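The values are calculated or read from the model by the stated rules, or taken from the named source; none is laboratory data. Bear in mind the structure is a predicted one, so any value in this text is a computation, not a measurement. Neighbour counts run over all protein chains shown; Cβ positions are idealised from the backbone, glycine included.
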Amino acid sequence: MHTQTIIRKLKYSLFLLALLLWQPLSLSAQVITGNISNEFGEPVPYANVFVQQNQTGTVSDDAGHYTMRLDVEGEYRLVFSSLGYESQSQEVLLTGDSLWLNIQLKTSGVELAEITVNADKRDPAFGIIRKVIDNKQAHLKALDSYRARVYVKATEEIDEKEAKKKKAAAVSLATEGDPEDPFAAEAAAQRELLNGLNMVEMELTLNYQYPNRYKEERTAYQKYGDKNGLFLPRFGETDFNFYRNLVRLNGIADLPVISPLSNTAVLSYKYELLSTDYEDGELVYKIRVIPRKSGNATVSGLIWINEGHWTINRIDFELPTGALILSDRFRIEQHYAEVADSVWMIDRQAFIYGTDTKGRVFEGSTTLRYDNIEPYYEFPDKFFGNEVAVTTQEAYERDGEYWAAGRTEKLTEREAEMVRVRDSIYAVVNSKTYKDSIQARYNKVTLLDLAWDGVGFRDHEKKTHIYVGPLASMIDFSPVGGWRVGPYASTFKRYGNGRILSNSGTLNYGLRNGDFQGDFSSWFRYDPFRLGDVSISGGRSFEAINQYDAFLNLLKPSNYILRDALRIGQQIEIANGLFIRSSFELSDRRPLTGLDVGSFVDGVVEDNDEIIDFDRYQAFISTNTISFTPGQKYMREPTRKIILGSKWPTFSLAHQKGWSGALSSDIDFDYLQLAIEQNVQVGALGNSRYRAQLGQFVNTRDLRFVDFKQFRQSDPILYSDPLHSFQSLDTSLTTTNLHFEFHHIHHFNGALINNVPLLKKTGLKVVAGGGFLWLRDGNFRHQEVFAGMERVFKLGARRRLRVGIFGVAADSSNGPPNTSFKISFDLIDTWKRDWSF
């Protein structure tokens, strides 16, 4: 009995073993192999072989040979395709044996512009990309107009790791032994959420007309927290269209990037075919894009191409970090959809960006979802113009129900919670009781306010603010007579229609001469959309003869006079890009004779010039300037206009007149000045800025030295604004005759350094430029050139300091050639996301 049991168990074990051995044999890889050739018997290298049932595939080698393994027996449909050939499908039955299958492809009737894929030269991806390039003009023109609804969601998450650690430790010590507060954890979590997440939602109608005319109609807008770190694209500035040769990245990078689909892309990129897949009935090539050199003008990542259509299916590109303005990293994702027969356009794109600072990480993303796309939309005449975006008042008044119904991109759990918390407290923080309590706290005067911060009084109902400077600000220094003491105060009022009124004033007392001085100013913006404003100012002060002179010269009393003045000014935009500015000044000018002009800087700054003595006189001067910027683009808000710039120069004509006899004026002169200036993007080679001006006194019947045309002496060591000054002018110059000056600076933004293997990792960027000055007096000329290196340093999440070192070579008609070195400092304008020069 025992022996029979053992035999039965042995038989059962052998049966299980046989079953286990048989199972993998029945599922073992089924091998299909063969050769792919054309009708002439020539091998077709890198042909694609696809299995429709499981959407896998392989690629033939350089001799047209392919091998494919399938795990399960059965019937399969194989599709064979290659550039320049008609696709061919073949039904096969796998029964466990290897299958040899040769395929002959017929040459396609559509020529490939003589594209030849040679195995020993290029990856097949080159041929695919070449095909897209050959057809890209057709793709750009295929959809010559459209109208679409776009939902925009921009978020920024702030991870304060170090701050959290310190806060957690402090809370742990503070609450040790205290009774547990059941609401403290929830309140702390809500505070952390509100402080750590910023978001903007926007809904707009996007209108497009070939070749690059865009207009946005923003119909809904909601801001949660601080939007300064968020990227909100303006289609009027850039459309991120990679069918174009260059993709401009205004506000993101200081260089446009060369598209992997540009006509000369093969010089900048390598390509690698990663896979070929069927997606929704389309054959899609997945290609890796690899820059030939790591630089600031190329992208890297992935691009998917639709076979047959030769259109972009989607992209995932990383931007070069060296060119980014405020971000440490930036990625672009785009997804295309077929909106008409063989016509594809973007239906979703996302921008993922981030910045790291000490103890904090800022991670941002901006997603645009397109729907209700109307291809070939017929726009009325003159629909497109210089107004590239308009936001209605209703856009700022949308409620939570509107957003809940209109979102086409789902909020994350954290985003949804943040919206819920902010919406729940909206009524509270906008109630009069809450605003009164905040106002009372702000208006409370403390010792710190009196000593250092200043005292402020706010009225939220009248939208007014009064500020009185602290004790520390009462101490001031003047190059004439030294220390002065006195208060400063200002007021501000914002009206409901966007108008603004600002006033300020000072009164000070000179300790050395026992004299009182002061000034006041008032500025009123009465037409926010036309940027119309008026101002009045005046007072008594020591004023420099050349207020834009070298820094050391501004510390010399010999450069000053005593002036009592009253000024009235206005500006307004009478047509888009056409400004008229006027100012009128009545002044009483006196020398400094009889005053003690000494100060503690006398031993530091040497002033060998005597105080200028002249007869006291009155001057009434008017200045009228008309400037025009053709093609100026702008955005319209409910109560204001935001100027975006133009691809054209700004032209200006100014006339300054000293009136004889008017209001007891003793002077009589006329001065004309014509100027042109522009900021030009020179493709991938950087950007240039230039300014040129021609001036002439046409009447000098009574022209006093204060009103001569002044040219600034260069500072030692410090590099000054290269568009309004020279770097190697060794003395201040004046003229009463015809004069011409030209300034130019070009930032290569990495275009040269990228070709130097070691230097391109340092973050240095080359800059060069020059200037020229000609005076009719003595036929004087001064010319200079400069070149140097700049590097941007991070001062925080959104603050950047650019430091440069320059070498300057100059030559003047009144002296020998000379060289010098300068250092520059420039802070970025975070609103414009641009530098001052």
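Look at residue 76 and say whether it is modelled with pLDDT under 80 and either out of contact with any helix residue (DSSP H, G or I) (no Cβ under 6 Å at 6 or more places or on another chain) or β-branched (Val, Ile, Thr) (or both).
Spelling it out, it is not the case that residue 76 is modelled with pLDDT under 80 and either out of contact with any helix residue (DSSP H, G or I) (no Cβ under 6 Å at 6 or more places or on another chain) or β-branched (Val, Ile, Thr) (or both).
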**OP:** Sort out which residues of region 672-709 are surrounded by fewer than 18 Cβ atoms within 10 Å (Cβ to Cβ), among the charged types (D, E, K, R) and not in a strand (DSSP E or B), and write them in order of number.
**Re:** 704
Original post:
Looking at residue 568, is it more than 34 Å from the chain's Cα centre (by Cα), on the phi < 0 side of the Ramachandran plot, surrounded by fewer than 16 Cβ atoms within 10 Å (Cβ to Cβ) and of a type in the set (Val, Ile, Thr)?
Top reply: yes
**OP:** Could you list, in sequence order, all residues of region 474-502 that are of a type outside the set (Phe, Trp, Tyr) and over 30 Å from residue 526 (Cβ atoms)?
**Re:** 474, 475, 476, 478, 479, 480, 481, 482, 484, 485, 486
**OP:** Mind listing whichever residues of region 752-778 are part of a strand (DSSP E or B) and under 23 Å from the mean Cα position of the chain (by Cα)?
**Re:** 765, 766, 767, 768
Original post:
How many residues does region 594-608 hold that are assigned to a loop (DSSP other than H, G, I, E, B) and either touching a strand residue (DSSP E or B) at 6+ places or on another chain (Cβ under 7 Å) or surrounded by 12 or more Cβ atoms within 10 Å (Cβ to Cβ) (or both)?
Top reply: 7
Subject >> Any pair with Cβ under 9 angstrom, 6 or more apart, that starts in region 734-763 at a residue that is without any contact (Cβ under 8 Å) to a residue 24 or more places away in the chain and in the same structural domain as residue 720 (by TED's automatic domain parsing) and ends at one that is among the small types (Gly, Ala, Ser) and not in a strand (DSSP E or B) >> reply: 752/686; 753/295; 753/322; 753/763; 761/294; 761/322
Original post:
So residue 306 fits all but one of (1) farther than 18 Å from residue 684 by Cα; (2) within 29 Å of the chain's Cα centre (by Cα); what number is the exception?
Top reply: (2)
**OP:** Out of 492, 477, 520, report the one residue that is under 23 Å from residue 460 (Cα atoms), among the aromatic types (Phe, Trp, Tyr) and either in contact with a strand residue (DSSP E or B) (Cβ under 8 Å, 6 or more places away or on another chain) or assigned by TED's automatic domain parsing to the domain that holds residue 597 (or both).
**Re:** 492
**OP:** Within region 346-395, track down each residue that is out of contact with any Asp or Glu (no Cβ under 7 Å at 6 or more places or on another chain), at pLDDT 95 or above and under 29 Å from residue 427 (Cα atoms).
**Re:** 365, 366, 394, 395
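Grab the strands (runs of 3 or more DSSP E) fully contained in region 287-359, keeping just those with 3 or more residues being surrounded by fewer than 19 Cβ atoms within 10 Å (Cβ to Cβ).
300-306, 329-340, 343-357
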Original post:
Looking only at region 614-649, which residues are closer than 30 Å to residue 666 by Cα, touching a residue at least 60 places away in the same chain (Cβ under 8 Å) and part of a loop (DSSP other than H, G, I, E, B)?
Top reply: 614
Original post:
Taking the stated definitions as given, is residue 40 part of a loop (DSSP other than H, G, I, E, B) and either at pLDDT below 50 or within 26 Å of residue 78 (Cβ to Cβ) (or both)?
Top reply: yes
Original post:
Which pairs do you get when a residue that is in the same structural domain as residue 370 (by TED's automatic domain parsing) and under 22 Å from residue 369 (Cα atoms), found in region 405-426, comes within reach of a residue that is loosely packed, with under 13 Cβ neighbours inside 10 Å and not basic (Lys, Arg), reach meaning Cβ atoms under 7 angstrom, with the pair 6+ apart or on two chains?
Top reply: 408/371
Original post:
Is one or more of the residues making up region 110-118 modelled with pLDDT under 85, assigned to a strand (DSSP E or B) and either over 30 Å from residue 202 (Cα atoms) or out of contact with any strand residue (DSSP E or B) (no Cβ under 8 Å at 6 or more places or on another chain) (or both)?
Top reply: no
Subject >> residue 57, sole failed condition from (1) modelled with pLDDT under 85; (2) farther than 28 Å from residue 280 by Cβ >> reply: (2)
Original post:
So which residues in region 253-286 are of a type in the set (A, V, I, L, M, F, W, C), within 18 Å of residue 685 (Cβ to Cβ) and in a loop (DSSP other than H, G, I, E, B), if there are any at all?
Top reply: 255
Original post:
Would region 663-671 turn up any residue that is crowded, with 17+ Cβ neighbours inside 10 Å and within 37 Å of the chain's Cα centre (by Cα)?
Top reply: no
**OP:** Identify all residues within region 57-82 that are touching a residue at least 24 places away in the same chain (Cβ under 8 Å) and under 47 Å from the mean Cα position of the chain (by Cα); write none if there are none.
**Re:** 57, 59, 60, 61, 62, 79, 80, 81, 82
**OP:** Go through the residues of region 383-397 one by one and say whether even a single one is part of a helix (DSSP H, G or I) and either surrounded by 15 or more Cβ atoms within 10 Å (Cβ to Cβ) or within 25 Å of the chain's Cα centre (by Cα) (or both).
**Re:** yes
Original post:
If the Cβ limit is 7 Å and pairs must be 6+ apart or interchain, which residue in region 580-607 that is outside the structural domain of residue 542 (by TED's automatic domain parsing) pairs with which residue that is in a strand (DSSP E or B) and modelled with pLDDT under 95?
Top reply: none
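One line per residue, one yes/no per condition, for (1) touching a helix residue (DSSP H, G or I) at 6+ places or on another chain (Cβ under 8 Å); (2) hydroxyl-bearing (Ser, Thr, Tyr); (3) within 19 Å of residue 248 (Cβ to Cβ); (4) assigned by TED's automatic domain parsing to the domain that holds residue 799:
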{"residue": "267", "(1), (2), (3), (4)": "no, no, no, no"}
{"residue": "282", "(1), (2), (3), (4)": "no, no, no, no"}
{"residue": "286", "(1), (2), (3), (4)": "no, no, no, no"}
{"residue": "295", "(1), (2), (3), (4)": "yes, no, yes, no"}
{"residue": "323", "(1), (2), (3), (4)": "no, no, yes, no"}
{"residue": "348", "(1), (2), (3), (4)": "no, no, no, no"}
Original post:
From 726, 740, which residue is touching a strand residue (DSSP E or B) at 6+ places or on another chain (Cβ under 6 Å) and assigned to a strand (DSSP E or B)?
Top reply: 740
Original post:
Does residue 837 satisfy being under 28 Å from residue 708 (Cβ atoms), among the hydrophobic types (A, V, I, L, M, F, W, C) and touching a residue at least 40 places away in the same chain (Cβ under 8 Å)?
Top reply: yes
**OP:** Considering each residue of region 823-837, count those that are surrounded by 12 or more Cβ atoms within 10 Å (Cβ to Cβ), of a type outside the set (Ser, Thr, Tyr) and in a loop (DSSP other than H, G, I, E, B), and give that number.
**Re:** 4
Original post:
Among the residues of region 546-560, is there at least one that is of a type in the set (Asp, Glu), touching a strand residue (DSSP E or B) at 6+ places or on another chain (Cβ under 9 Å), farther than 30 Å from residue 704 by Cβ and in the same structural domain as residue 625 (by TED's automatic domain parsing)?
Top reply: no
